[in-house]
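The values are calculated or read from the model by the stated rules, or taken from the named source; none is laboratory data. Fair warning: this is a prediction, and the values are worked out from it, not measured in the lab. Please note: Cβ atoms are built from the backbone with ideal geometry, for glycine as well, and neighbour counts cover all protein chains shown. Each accessible area value is taken on the protein alone, full model and side chains, heavy atoms only, with ligands, DNA and RNA left out. Shrake-Rupley method; radii C 1.70, N 1.55, O 1.52, S 1.80 Å.
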Amino acid sequence: MTTPVCTSASEAAAAATQTLSYPSFASYVRARQPVLLRTARSLTANPSDAEDLLQTALTKTYVAWERIEDHRALDGYVRRALLNTRTSQWRKRKVDEFACDELPEPEPAPGGDDPAERQALRDAMWRAVMRLPARQRAMVVLRYYEDLSEAQTAAVLGVSVGTVKSAVSRALGKLRDDPELRVSGP
């Protein structure tokens, strides 16, 4: 003899819904709120929006409570109210983009903060760093790109802290004198 191991949750819920008659709106909400909230959450991305959506649908159901003759159809009524309310919200959403004849240009940032210029400066800086002697380049990269302290840089390279200080100082002098890195001012 075989016995079923489990029954489908939807079959159990359907059976429970078909046999129940709710004497009041409050008893219906108490009994069905978790199921209806899951349905509302499936319609929205935000749990707070789902709670608001369910509240609105339940308000509509409360207004129509006396007109609903078959209380076995309440879940379907509320689900339809949820869906209709969500569709109305979606249609009423605020649209911030409008079609126009000319594309608006973004306002330039104060101080000439152009992304293309910043990228060109980064590229020029990297080319200048690559022109440094290998030892100075290693110290500049560790010190400023990897953000290591002078002591940490010295430990990584196996040199003294004074060597790091003097080599980095000479490297920065070479970078300051690099003609490609000259900033043309106003």
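Taking only pairs six or more apart or across chains, which ones have beta-carbon atoms under 6 Å, a first residue in the range 67-90 that is farther than 22 Å from Arg41 by Cβ and aromatic (Phe, Trp, Tyr), and a second residue that is open to solvent by less than 70 Å² (accessible area, probe 1.4 Å) and part of a helix (DSSP H, G or I)?
Partner pairs satisfying both residue conditions: none exist.
Of all residues in the range 65-78, count the ones that are modelled with pLDDT of 85 or more and over 18 Å from Gln33 (Cβ atoms).
Qualifying residue count, the range 65-78: 2.
Here is a yes/no grid of residues against (1) open to solvent by 100 Å² or more (accessible area, probe 1.4 Å); (2) at pLDDT below 90; (3) outside any helix (DSSP H, G or I):
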residue	(1), (2), (3)
Trp90	yes, yes, no
Val95	no, yes, yes
Gln152	no, no, no
Ala167	no, no, no
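Quick one: in the range 33-52, which of the residues that are in a helix (DSSP H, G or I) and more than 16 Å from Leu83 (Cβ to Cβ) is farthest from the chain's Cα centre (by Cα)?
Checked the range 33-52; the qualifying residue farthest from the chain's Cα centre (by Cα) is Gln33.
Testing Asn46 on (1) modelled with pLDDT of 85 or more; (2) open to solvent by 80 Å² or more (accessible area, probe 1.4 Å), one condition comes back false. Which one is that?
Tallying (1) modelled with pLDDT of 85 or more; (2) open to solvent by 80 Å² or more (accessible area, probe 1.4 Å), Asn46 fails exactly one: (2).
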